[in-house]
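In what follows, a single structure is set out as structure tokens and then discussed.
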Ligand code: NAD
């Protein structure tokens, strides 16, 4: 195990690290990123944020039309973007996605593994099909993406992996019935911690973001819609999160400014887990 003294001196804090200000260090110019589940909701906002900060962005989604539409939005802003149709629960799709990005742009610096699904049934009624489907996308899919991108990043000696977990990895939001979702997201946090510890000394950081309840199409599903009013009273901030509330976090975790951070679960939930 290599142990070294930090290269950053006190003086550099005032002059800027290697002449770069903190805002320079949060720029992503020249970086190659992908975001899964980027066809709508949180992933779409992440794709915009990474692109606005300077990265090239591969917009990945199961739904080809949505991926292409978001790619067009990015291109209209002058962001270098490509669209990839892939199902993160399928090993061949995950490998094809990784290969496609590397063959077009040469490297992968930022892997944003965000695709996820949520099904709701009482625990006593949760079928094995529901359990397996949820885990296949949320945990197995995230693992396969981390592994495929991680292999590229370990060769490069550099990479930032950002997984989307959920506040439900920490608390059980009342009165949701989502055993398979909550446990799969707790798995994403442990996956993130384990990879974070294993890969940091080879230049790869792995962190996750745990949003609270975000106003996206996911929470307007038939099963979740009736719960929204109830949740509002559980959020000290007094409102649901908007996708824009999460954008700075993904840029920070993707940037050099967060180099000393790994295995972290960044919770952004308007204080909901405090009550
Ligand atoms: P969403 O349902 O609005 O969007 C998800 C996108 O992922 C869709 O475009 C969908 O086509 C795509 N997708 C689904 N399965 C896929 C697969 N197997 N492969 C590739 N793409 C797939 O969801 P969202 O609210 O934007 O959530 C994004 C992530 O954030 C998920 O992991 C979710 O669990 C997590 N999250 C959401 C909330 C919330 O309140 N919305 C809160 C905490 C965590």
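A few comments on the model shown:
- Three principal axis extents describe the C-alpha atoms of the chain; from largest down they are 56, 41, 40 Å.
- Ordered by the number of other Cβ atoms lying within 10 Å of each residue's own Cβ, fewest first, 112, 208 fall into the sequence 208, 112.
- Cα-based Rg of the stretch 116-275 normalised by 2.2 N^0.38 Å, two decimals: 1.07
- Annotation: peptides 56-62, 158-164, ranked by per-residue average of other Cβ atoms within 10 Å with the highest first, follow the order 56-62, 158-164.
- Build a GNM of the chain with springs between Cα atoms under 10 Å apart, and of 182, 120, 136 the one that fluctuates most is 120.
- Per-residue Cβ neighbour rank within 10 angstrom, fewest leading, 75, 103, 184, 255: 103, 75, 255, 184
- Footprinting exposure proxy for 275, 105 (fewest neighbouring C-beta atoms within 10 Å first): 275, 105
- Helix axis angle, 179-199 relative to the chain longest principal axis, alpha carbon, degrees: 10 degrees
- Extending 7 Å from the Cα toward the beta-carbon at both residue 239 and residue 154 defines two label points whose distance is 4.4 nm.
- Length gained when the stretch residue 20-residue 202 is fully extended (0.36 nm per residue, less Cα-Cα span): 63.2 nm
- In plain terms, the chain from residue 260 to residue 228 could stretch by 7.8 nm, reckoned as 0.36 nm per residue minus the Cα-Cα distance.
- Between the helical axis of 41-52 and the longest alpha-carbon principal axis of the chain there is an angle of about 10 degrees.
- Note on residue 132 and residue 186: with the Förster distance fixed at 22 Å, the Cβ-Cβ geometry gives a FRET efficiency of about 0.85.
- Grouping the Cα pair distances of the stretch 30-80 into 5 Å bins from zero gives a pair-distance distribution of 5, 28, 38, 22, 7, 1 percent in increasing distance order.
- The three principal axes of the C-alpha atoms in the stretch 82-137 carry coordinate ranges of 48, 19, 15 Å, sorted with the longest axis first.
Read-outs throughout are calculated quantities, based only on the coordinates presented, and are distinct from any laboratory measurement. All figures in this text were calculated on a predicted structure; none of them were measured in a lab. When we count neighbours, we look across all protein chains shown, and the Cβ atoms used for this are built from the backbone with ideal geometry, even at glycine.
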